[in-house]
Amino acid sequence: MKESMAAFTATLVFLGVSLSSSQNTDSAPAKSEKNGASIYAELAKAPDKARAKHNPFEKDPDAVAAGRNLFEQHCAECHGAGAEGGKKGPSLRAQEVQEAPPGAIFWILTNGVVRRGMPVWSKLPEPQRWQLVTYLKALGVSASSALPSQPEPGVSPSQRSSPLR
C-alpha cells in the first residue's frame, strides 16, 4: 500500500511539473507577441469594404485638433499621451498603424479588440471616430518619444521633416 501511495504521489508531482512547464511555454509567445508586430494583426482583419472607406476629414486641420482632444479624453490613458504606447495599449505611431488604411483604423475604433483590452467605440459618433483617425494619421511613424506628439495643424505627415528619413 505504501508503494502504491508513493507511486501515486510521484505521478501527481510529475503531472504538476509537466503542466506547469507547458503553461510557461504557452505563455511565452503571448509575452513576445505584445512586443512584436502581431499586436497590429487586427488591422489586417478589417473587411475590404471597411478598409476602402474614405476619411471625410482627411485634409481638415480642425479635425486634427478635435481628434487630439478626443485622444486625450478617451485613448491616452492606455496608449500614452504621445500615442507611443502605454501600460495597456500599443504604440499608435508604429509603422503598421501609420501605413494602415484609414478605414481599417476606423473599423478597429468601431469594433474594438475586446480580447486584447481595446474597447468598442461605436457609441462615439462617427464624425468623432474619423477625427481620431485623422489625428492618428497626422502623428506619423515614430521610433522614439523624441518626436513631437502634437502635429502641426494642416501639415500632413509627408510634409513634415522627420528624423526617420
_Fewest-first ranking of ILE105, ILE39, using other Cβ atoms within 10 Å as the exposure measure_ = ILE39, ILE105
*What number, in nm² with one decimal, is the all-direction average of the projected area of the convex hull of the alpha-carbon atoms of segment 69-124?*
3.8
*Could you give the dipole magnitude of segment 40-158 about its Cα centre, charging the beta-carbon of Lys and Arg +1 and that of Asp and Glu -1, in debye to the nearest 20?*
420
*Distant-in-sequence amide H partners of VAL113 (H built 1.01 Å from N, under 5 Å)*: MET118
*asked:* From the alpha carbon gyration tensor of segment 40-158, can you work out the equivalent ellipsoid semi-axes (sqrt of 5 times each eigenvalue) and give them in Å, largest to smallest?
replied: 19, 17, 14
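Sort 127-136, 47-56, 90-99 by the packing proxy (mean of other Cβ within 10 Å over each peptide's residues), most packed first. Intermediate results must be reported in sequence, preceding the final value.
Details: 127-136: 23.0, 47-56: 13.7, 90-99: 19.5.
Descending packing order for the listed peptides: 127-136, 90-99, 47-56.
In the structure displayed, which of LYS59/LYS87; LYS49/LYS123; LYS53/LYS123; LYS59/LYS88 lie more than 27 Å apart, Cα to Cα? The partial results should precede the final answer.
Working: LYS59/LYS87 32 Å; LYS49/LYS123 21 Å; LYS53/LYS123 19 Å; LYS59/LYS88 30 Å.
LYS59/LYS87; LYS59/LYS88, as the Cα separations exceed 27 Å there.
Each reported figure results from applying straightforward, stated rules to the coordinates on display, with no laboratory input. The structure displayed is predicted, hence computed values, not measured ones. All Cβ positions, even for glycine, are placed from backbone atoms using ideal geometry, and neighbour counts span all protein chains on display.
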